[in-house]
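A.B. asks: Let me begin by handing over the structure; questions about it come next.
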Amino acid sequence: MVLMDFMVRKILITGGLGFIGSSLIASLKRQYADQIQITVLDNSSYGGLGQLASALGCAIRSDENSATVIDNVIVHHGDVTEQNTVQTLVDDADAIVHLAAQVSVPLSTQNPAQDFEQNVVGLFYVLDAARMSDRKPKIVFASSNAALGEVEQPVSEVSLPKPISPYGASKLASETFLQAFSHSYGMNHVALRFGNVFGPGSFSNTGVVAKFIRQALGGEVLEIYGDGAQTRDFIYMDDLVRSIEQAVFLDNTDFELFQISSGLETTVSEVVEKICQEFVKAGLQQPDVKYGEKRSGDIVRNVSDVSRAKDILNWHAKTSFDEGIAKTVQWFLDQQE
Ligand SMILES: NC(=O)c1ccc[n+]([C@@H]2O[C@H](COP(=O)([O-])OP(=O)(O)OC[C@H]3O[C@@H](n4cnc5c(N)ncnc54)[C@H](O)[C@@H]3O)[C@@H](O)[C@H]2O)c1
């Protein structure tokens, strides 16, 4: 495939060894092969070299500069809170996809200082390094609907945010810094607020889809908290990755913020029903399901208005929930062989 924008030759992906990063890199490699040089900065606190190697279907090799190379992707082992490392890598990037983060809402509540350090300070160092770099690279930032918290549905870019966890607050703070720096220093950063991401590669992802599939494969009873009528807006990995790629190549002149989701509500009961159907189709025993106590703090509805992403980013989700679940269950089954 021909490169869409010849200005973007070198992409730095922080957190590139994780669930989303590995899929993004595999997709960029499929489309552009070595027309784009991809560099990863990851502290391996969650993702690992194995996840990326598996997404790329390639072996891991070390090069002489003590970085690791997988299919020409250079992986630096380091932390986004190491300012000097960040500056060196940012100086050599035309664009940055910032995925590195502490991603657990419960952990952010248990240790808000660590969440702040990893998520807000980490983003700030990347942002400030981009400001000081001659190339003035665009940052595409992985935000979340958690930045909005409990607000009227559907949520959109103009919803008034009321985050209810330190993790949500860290994402909102990061968005505001990206906006302020874009305005103050003439940069064009983009924040993408992801819904509930699911898809192949979710070995240990804590999302509800991966959790239920893992439980079902382990012969466990699938426990639905409450009556199962609570809704979420699920986004399949391939669609999510396409939104990140389009944001990297978007010809914007100022800060942009987009809701990235399917725009459709799916109940948790429907998720379980669909997974059970896929198990039966695969000739496996139908998992048992039980209804447990409603969890305090669980929001009742979550759905995004995605019209802005459609109009400006020229993006919308193409994979139906049913198709995405079928592919995800199949991926988990393939891993067992
Ligand atoms: N998966 C989802 O459903 C979802 C939804 C909304 C937003 N997001 C955001 O998308 C991004 C990627 O999420 P993911 O699902 O791939 O998570 P993940 O945990 O699989 O990947 C995050 C990666 O960042 C690395 N990392 C963490 N802290 C780091 C640090 N301080 N320095 C360097 N590397 C660090 C981890 O080792 C891991 O490889 C995160 O910012 C997350 O908040 C994810």
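A.B. asks: Restricting attention to the stretch 6-34, report how many residues are of a type in the set (A, V, I, L, M) and away from the ligand (no atom under 16 Å from the Cβ).
C.D. replies: The number of residues fulfilling the criteria is 3.
A.B. asks: Could you list, ordered by first residue, the pairs with Cβ atoms under 9 Å in which the first is in the stretch 1-17 and over 22 Å from GLN102 (Cα atoms) and at pLDDT 75 or above and the second is among the acidic types (Asp, Glu) and in a loop (DSSP other than H, G, I, E, B), at least 6 apart or interchain?
C.D. replies: That search, which allows pairs on different chains as well, returns MET7/ASP94; VAL8/ASP94; ARG9/ASP94; LYS10/ASP92; LYS10/ASP94.
A.B. asks: Testing ARG295 on (1) at pLDDT 95 or above; (2) basic (Lys, Arg); (3) surrounded by fewer than 14 Cβ atoms within 10 Å (Cβ to Cβ), one condition comes back false. Which one is that?
C.D. replies: Among (1) at pLDDT 95 or above; (2) basic (Lys, Arg); (3) surrounded by fewer than 14 Cβ atoms within 10 Å (Cβ to Cβ), the lone unmet condition for ARG295 is (1).
A.B. asks: Residue under question is ALA191, and the condition is that it be in a strand (DSSP E or B) and either touching a residue at least 24 places away in the same chain (Cβ under 8 Å) or at negative phi (or both); does it hold?
C.D. replies: Criteria met by ALA191.
A.B. asks: For the stretch 267-301, how many residues are under 20 Å from GLN230 (Cα atoms), within 28 Å of the chain's Cα centre (by Cα) and of a type in the set (Phe, Trp, Tyr)?
C.D. replies: Qualifying residue count, the stretch 267-301: 0.
A.B. asks: Please go through the stretch 229-257 and give me each residue that is among the β-branched types (Val, Ile, Thr), farther than 18 Å from LEU178 by Cα and assigned to a helix (DSSP H, G or I), ordered by number.
C.D. replies: VAL241, the sole residue that qualifies.
Conditions tested, residue by residue: (1) touching a residue at least 24 places away in the same chain (Cβ under 8 Å); (2) more than 10 Å from the ligand (Cβ to nearest atom); (3) surrounded by fewer than 18 Cβ atoms within 10 Å (Cβ to Cβ).
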site: ALA142; (1), (2), (3): yes, no, no
site: VAL158; (1), (2), (3): no, yes, yes
site: PRO163; (1), (2), (3): no, yes, no
site: VAL197; (1), (2), (3): yes, no, no
site: PHE203; (1), (2), (3): yes, no, yes
site: ARG214; (1), (2), (3): yes, yes, yes
site: VAL221; (1), (2), (3): yes, yes, yes
site: GLY226; (1), (2), (3): yes, yes, yes
site: ALA229; (1), (2), (3): yes, yes, yes
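A.B. asks: While we're looking at this one, here's another question. Which one is surrounded by the fewest Cβ atoms within 10 Å (Cβ to Cβ) among residues in the stretch 165-195 that are more than 23 Å from GLN246 (Cβ to Cβ) and of a type in the set (Gly, Ala, Ser)?
C.D. replies: In this case the residue turns out to be SER184.
A.B. asks: While we're looking at this one, here's another question. Given the conditions (1) within 16 Å of the ligand (Cβ to nearest atom); (2) in contact with a Lys or Arg (Cβ under 8 Å, 6 or more places away or on another chain), report the number of the one that ALA191 does not fulfil.
C.D. replies: Checking ALA191 against (1) within 16 Å of the ligand (Cβ to nearest atom); (2) in contact with a Lys or Arg (Cβ under 8 Å, 6 or more places away or on another chain), the one that fails is (2).
A.B. asks: For a quick check of your reading of the model, give me the residue pairs whose first member lies in the stretch 113-131 and is among the polar types (S, T, N, Q), whose second is within 14 Å of the ligand (Cβ to nearest atom), with beta-carbon atoms closer than 6 Å and at least 6 apart or on different chains.
C.D. replies: From the stretch 113-131, the pairs are GLN118/GLN102; ASN119/ALA101; ASN119/GLN102; ASN119/SER170.
A.B. asks: Of the conditions (1) within 12 Å of the ligand (Cβ to nearest atom); (2) out of contact with any Leu (no Cβ under 8 Å at 6 or more places or on another chain); (3) in a loop (DSSP other than H, G, I, E, B), GLN118 satisfies every one except a single condition; which number is it?
C.D. replies: It is condition (3) that GLN118 fails.
A.B. asks: Here's something else I'd like to know. Considering only the stretch 35-111, give the strands (runs of 3 or more DSSP E) lying wholly within it that have at least 1 residues that are within 13 Å of the ligand (Cβ to nearest atom).
C.D. replies: Counting at least 1 such residues, we get 37-42, 73-77, 95-98.
A.B. asks: The conditions are (1) more than 15 Å from the ligand (Cβ to nearest atom); (2) more than 15 Å from PHE177 (Cα to Cα), and ASP128 fails exactly one of them. Which is it?
C.D. replies: (2)
A.B. asks: What are the pairs, 6+ residues apart or on separate chains, where a residue within the stretch 310-337 that is farther than 26 Å from SER269 by Cβ has its Cβ under 7 Å from a residue that is outside any helix (DSSP H, G or I)?
C.D. replies: As it stands, the answer is LYS310/HIS316; ILE312/GLU256; LEU313/LEU250; LEU313/PHE258, since those pairs meet every condition given.
A.B. asks: Does ASP134 satisfy the condition of being in a helix (DSSP H, G or I), more than 9 Å from the ligand (Cβ to nearest atom) and at pLDDT 95 or above?
C.D. replies: Criteria not met by ASP134.
The values are calculated or read from the model by the stated rules, or taken from the named source; none is laboratory data. This structure is a prediction, so every number in the text was calculated from the model and none was measured. No Cβ is skipped: glycine too gets one built from the backbone with ideal geometry, and neighbour counts run over all protein chains shown.
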